[in-house]
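Peer 1: Below: one structure in structure tokens.
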Amino acid sequence: MTRGLLIAFEGIDGTGKSTQLPLLAEFLRSQGHVVVETREPTDGPYGRQIRALYSNRGRVTPRQELELFLQDRRQHVEQCIQPALREGKIVLTDRYYFSTAAYQGAAGLDPAEILNLHGFAPEPDLVLLLTQTPEDSVARIRNQRGEMPNDFEQQDQLEKVAALFASFAQGCIVRIHAARPIGEVQASIRAVVLSLLANKGVQCPD
Ligand code: TYD
């Protein structure tokens, strides 16, 4: 059975995931690969419910919040990720299950238990964990996006989320220092991805 590659971008808010992911996609396409760009929360029904919580997270319990992220991911895996992997594509996802372990872990749930609930989700071949300080993140959200941090982006929360991301030691995780110019961060990302493709012997489709 052919299987594509699953690469997840992870990190606290404001680390530039949604800038870096399309740049990597463009690069991989220029090399002849077939790439699917996707994200969580998705634009599906559960993702929309999650976005409605941004300005008032207190409306649900941490357990209910976890359940929404899990439902959203189940649908994402079934409808988007698995079919693309079966077709041999490279899937780039902006966030995946390490976000749930870190964010819902920071909200008081057990990160190890959260990871254990993900038997349905294919393991990523690579997790690009973009790192920077929570201070840098909050400054970026305010200055560059011109937005006020939402309920998921408050600095005390981000400190806890960052500490959990820092504690993960799974072999698929590669840390990329994100508080650098966009081109430098992208160059680091490409180097890691090219070595993954070489190690897996991934060839471009004819
Ligand atoms: P984000 O990537 O910022 O999406 P958008 O660009 O649509 O705002 O994700 C939204 C927030 O959801 C972010 O603060 C992290 C949080 N989140 C979780 O708490 N758990 C999860 O499992 C995921 C995927 C995201």
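Peer 1: From the residues 141, 76, 62, which one has its Cα farthest along the dipole of the chain in the positive direction, the dipole being from +1 and -1 charges on Cβ of Lys/Arg and Asp/Glu about the Cα centre?
Peer 2: In the chain, that residue is 76.
Peer 1: As a check on your grasp of the helix formula, calculate [θ] at 222 nm for the chain: sum -39500 (n - 2.57) over DSSP H runs of n ≥ 4, divide by the residue count, round to the nearest 500.
Peer 2: Roughly -14500 deg cm²/dmol at 222 nm, from the helical runs in the chain.
Peer 1: Here is a further query. Roughly how many whole Å is it from the C-alpha centroid of the range 22-50 to that of the range 150-206?
Peer 2: About 15 Å separates the Cα centre of the range 22-50 from the one of the range 150-206.
Peer 1: Right, something else. Cut-off under 24 Å on the C-alpha distance; same-chain residues fewer than 8 positions from residue 89 excluded. Which lysines are left, in chain and number order?
Peer 2: 17, 200
Peer 1: Here is a follow-up. Suppose every K and R has +1 on its Cβ and every D and E has -1 on its Cβ; what is the size of the dipole of the chain about the Cα centre, in Debye to the nearest 20?
Peer 2: With Lys and Arg at +1 and Asp and Glu at -1, about 260 debye.
Peer 1: I would also like to ask the following. So, R0 is 22 Å and r is the distance between the beta-carbons of residue 173 and residue 196; what FRET efficiency does that work out to, to 0.05?
Peer 2: 0.95
Peer 1: Compute the helix-to-body angle for 182-200: its Cα long axis versus the longest principal axis of the chain, expressed 0 to 90° and rounded to tens.
Peer 2: For 182-200 against the chain, the angle is about 50 degrees.
Peer 1: Now for a separate question. Is the range 92-145 best put as rounded, prolate or oblate by its Cα gyration tensor, with a ≥ b ≥ c the root eigenvalues, rounded for a/c under 1.5, and otherwise prolate when a/b is larger than b/c, oblate when not?
Peer 2: In terms of gyration-tensor shape, oblate.
Peer 1: With the dipole of the range 71-206 worked out from charges on the C-beta (+1 for Lys and Arg, -1 for Asp and Glu) around the Cα centre, which of 203, 131, 192 lies farthest toward the positive end?
Peer 2: Of 203, 131, 192, it is 203.
Peer 1: Please work out how much accessible surface residue 167 shows to a 1.4 Å probe, ignoring ligands, DNA and RNA, in Å² rounded to 10.
Peer 2: 70
Peer 1: Okay, next question. For the chain, take the longest principal axis of its alpha carbons; what is the angle in degrees between that and the long axis of helix 17-30, to the nearest 10 within 0 to 90?
Peer 2: For 17-30 against the chain, the angle is about 10 degrees.
Peer 1: Which of rounded, prolate or oblate describes the range 54-198 when judged by the alpha-carbon gyration tensor and an a/c cut-off of 1.5?
Peer 2: oblate
Peer 1: Could you tell me how many degrees, from 0 to 90 and to the nearest 10, lie between the Cα long axis of helix 62-76 and the main elongation axis, the longest principal axis, of the Cα atoms of the chain?
Peer 2: In the chain, helix 62-76 runs at an angle near 20 degrees to the longest axis.
Peer 1: Give me the number: length gained by fully extending residue 75 to residue 59, i.e. 0.36 nm times residue separation minus the C-alpha to C-alpha distance, one decimal in nm.
Peer 2: Full extension of this stretch gives 3.4 nm more.
The values are calculated or read from the model by the stated rules, or taken from the named source; none is laboratory data. Nothing here was measured: the structure is a model prediction, and the numbers come from that model. Heads up, the Cβs are rebuilt from the backbone with ideal geometry, glycines too, and the neighbour counts pull from every protein chain shown. The protein model used for the area step is the full one, side chains on, heavy atoms only, and it has no ligands, DNA or RNA in it. Shrake-Rupley method; radii C 1.70, N 1.55, O 1.52, S 1.80 Å.
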